[in-house]
Amino acid sequence: MSEWWTYTPADFLMFAPRIYWRLFDALNRQTWPAALLAPAAGVAWLLWVARGVARPGAAAARLAAVGLALAWTASGLLFLRPLLAPIHWLAEWIAPVFVLQVLLLTALAATGGLQATASTRRRRTGLGLLGYALLLHPLWPLLDGRPLTQAETFGPAPDPTALATLGVLLLWHSGTPVGRLLGRFAWGPPLAWCALSAATLWTMGSAQGWALAGGAALALAAARRHGL
Amino acid sequence: MHPNRIMQDAGSPRLRRRALIGAALAGLLPAAGAVPPLTRRIPSSGEALPIVGLGSWITFNVGQDLQARAQCVEVVRAFFGAGGRMIDSSPMYGSSQPTIGFALAQLGMPKALFSAEKVWTGDAARGALQIEASRAYWGVPRFDLLQVHNLLAWEQQLPLLLQMKAEGRLRYVGITTSEGRRHAEIEQVMRTRPIDFVQLSYNLLDREAEQRLLPLAQERGIAVIVNRPFREGALLRQLARHPLPGWAAEIDCRYWAQVALKFAIGHPAVTCAIPATSQVAHLQQNMAAARGPLPDAALRQRMARDVAAL
């Protein structure tokens, strides 16, 4: 790209905000009521872990990794390819990143050796981020004056899925060298998505971008002490 | 919100009243469309083109949204109803091409259509394939105009377009730039290659093209398409806070959008401007700028000066 310094994020916004928001209308119409299954399963898992029943068991971590892999698969197959790609050519380039994240999470579940974090602060941040992604993020349309039919839910919608992933990654470490490596790589796709989505939302004039940027920053800050 | 609508909502009661009357008149334009729009000739052929065309960046990129697609069909219908001809798109514009193709099919492929497309790939080998894919989206037998989008791989793509023209598979060849980028390179292409069209950004605030490119286009007999006449709406949002100056009435302008368009198409080197919209009312306001008097050089200077001072 020549004269790259003259480009701003607005130069890459190739659709109108109303068209973007209506993608979630379509997504929810197509997945209803199954769209509620992933958030419901996520909330059940969150309660299980938050009450300490699953701590420090690796089974809950494995279950989460598999659940997240399924959620990224759903986001890619239900939103990214059929809905976003027709209006945003960048989606075709992003699709392999979603595939990579599914593979990383699956491998993480398979390698085992997952241990609960020793840091209370990190654990609380992880649970808080996960709770926000599952329960509060879908309510953004109400703040924006849009219909709730445009709610973005964990699983089909990538924004809450990325935030939930960051939350879960805060909760565990892997005890094996391979697992640690996979765990570090697994931070990449959700952080990249949060950055891209925040930039898109800000360019569209939506304050929702702050939720993505804030969530990612919070996760990174909490992870800093013990490393990714 | 479209800047025109912002303008209708803003200003004094007198201006609001005037805007409402204007909106009502705009709704009558299909009937008034019997008055043909002003035209300019393409220098290389002498073919006349209406001075206002239709862009599709953002506005026609609606994906699978059926409601928005139907809205685009109505915009295209109103465009042809008002005497419009040139519709411009690009493979870079997401789903705009299939949306245009859908609209044209719904309208029975209007004979007036002047199809303006682009080739946009850095891979020289992909150029022909991309053009064919674009043609299939539009559903046209051939394009009237193909342009190298933002000069991307123009050394490779321009020969392909010129060859297509020589073989009768294309009527006109052009190149594009936007937002004032790579003007030196554009100038080089205009001086050395037999192109029919150049597309560039030109509006009340972005006037760099006046220095070299517009005079060169006149000198070399190259048609000029103006993109971003409203700076993607930002210019109109900025102007909406201010009442229309007195001179706007001299050139039959009721809206800032018409002022901005008449400024661009008022330049004698400009063949047409291609504002984009997804609203029929705004389309009709834009097309109304293709009628009535155009500003002369002195008034254009004043327009630019007054707007820069706002």
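The values are calculated or read from the model by the stated rules, or taken from the named source; none is laboratory data. These numbers were taken from a predicted model, which means no experiment stands behind them. As a convention, Cβ positions derive from the backbone with ideal geometry for all residues, glycine included, and neighbour counts pool all protein chains shown. Quick note on the areas: whole protein, heavy atoms, side chains included, nothing else; ligands and nucleic acids left out. Shrake-Rupley method; radii C 1.70, N 1.55, O 1.52, S 1.80 Å.
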Choice from B:GLY180, B:GLY233, B:GLY53 showing the highest fluctuation, given a GNM over chain B with Cα pairs closer than 10 Å: B:GLY180
Highest to lowest packing among A:159-170, B:167-178, scored as the average C-beta count within 10 Å: A:159-170, B:167-178
Chain A - Rg (one decimal) and Dmax (whole number), Cα, Å: 17.2, 56
Degrees, to the nearest 10: B:297-309 long Cα axis against longest axis of chain B: 70
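In whole Å, what three semi-axes, largest first, describe the equivalent ellipsoid of segment B:158-215 built from its Cα gyration tensor (square root of 5 times each eigenvalue)?
25, 11, 9
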Acute angle (nearest 10 degrees) that the helix B:66-81 long axis makes with the longest principal axis of chain B, alpha-carbon atoms: 80
Kirkwood hydrodynamic radius of segment A:24-87, Cα pairs, Å: 13.2
For segment B:81-239, convex hull volume per residue from C-alpha positions, Å³: 128
Linear extension gain, A:ARG121 paired with A:PHE185, 0.36 nm per residue minus alpha-carbon span: 20.8 nm
Cα-based shape type of segment B:191-243, given that a ≥ b ≥ c are square roots of the gyration tensor eigenvalues and the cut on a/c is 1.5: prolate
Average accessible area per residue (Å²) across the protein assembly as shown - probe 1.4 Å, nucleic acids and ligands excluded: 42
Percent RCO, i.e. relative contact order, over segment B:53-211, from Cα pairs under 8 Å lying at least 6 residues apart: 16
Segment A:154-228: trypsin sites (Lys or Arg not before Pro) in DSSP coil with no more than 16 other Cβ atoms inside 10 Å: A:ARG225
Taking chain B and dividing mean pair separation by its residue count, relative contact order in percent (alpha carbons under 8 Å, at least six apart): 23
D_trans [Stokes-Einstein, Kirkwood Rh over alpha-carbon pairs] for chain B, 25 °C, 0.890 mPa s, µm² s⁻¹: 126
Relative contact order (%) - criterion: Cα under 8 Å, at least six apart; region: segment B:243-301: 43
At least 30 Å² of accessible area lost relative to the chain alone, listed for segment A:72-88 with a 1.4 Å probe: A:PRO86, A:ILE87
In degrees, nearest ten, helix B:127-138 long axis to first principal axis of chain B (Cα): 50
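In segment B:173-301, what percent of the accessible surface is made up of carbon and sulfur (1.4 Å probe, ligands and nucleic acids excluded)?
Carbon and sulfur together cover 46 percent of it.
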Binned Cα-Cα distances of the protein assembly as shown, short to long, each 20 Å bin given as a whole percent: 21, 45, 27, 7, 0
Shielded by partner chains, segment A:9-27 residues - at least 30 Å² of accessible area, 1.4 Å probe, vs chain alone: A:ASP11, A:MET14, A:ARG18, A:ILE19, A:ARG22
Residues of segment B:86-119 buried by at least 30 Å² on assembly (accessible area, 1.4 Å probe, chain alone as reference): B:MET92
